[in-house]
Amino acid sequence: MIPRPDHFAGDAAAAAALAPAVAHARFAIGDVVRHRLFDFRGVIFDVDPVFANTEEWYEAIPEEIRPDRDQPFYHLLAENGEASYVAYVSQQNLLVDESAEPVDHPAISGLFDAFAEGRYRLRREHRH
């Protein structure tokens, strides 16, 4: 028996119904963002479609503010009033930074080559 083309369509629809929903990333590499709860901001340099850090890191977040794992998580070159560092933040905890100010982090020049209109442009050698 030769399968009809619509035979496979039913299988794909059934598989899609069983697959977990995937949240779409609201932010992109180079975007400048601000944390919703804590006083820091940063530039995004990588995106994980879902949580991809250690269990220890996740459990260290107080339960009352612990984010859902099934959402994008962003790697930031971050700054606050005291220091520059790398942060890992859930999508639900990020807002667009509307200050239009550059981020003062020593690693920015190694990844990005320009800041314009509130975002950074990735260096050519880091684009794919």
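At the listed q of 0.21 Å⁻¹, the Debye profile of segment 25-126, built from one uniform point per Cα, gives log10 I(q)/I(0) equal to -1.11. Over all other residues within a Cβ to Cβ distance under 12 Å of Arg69, the charged ones net out to -4, with Lys and Arg as +1 and Asp and Glu as -1.
Once both labels are positioned 7 Å from their Cα atoms along Cα-to-Cβ, the gap between His128 and Glu64 label points is 4.2 nm.
Values in this text are rule-based calculations from the coordinates and carry no lab data. Since the structure is predicted, the reported quantities are computational estimates derived from the model, not experimental observations. As a convention, Cβ positions derive from the backbone with ideal geometry for all residues, glycine included, and neighbour counts pool all protein chains shown.
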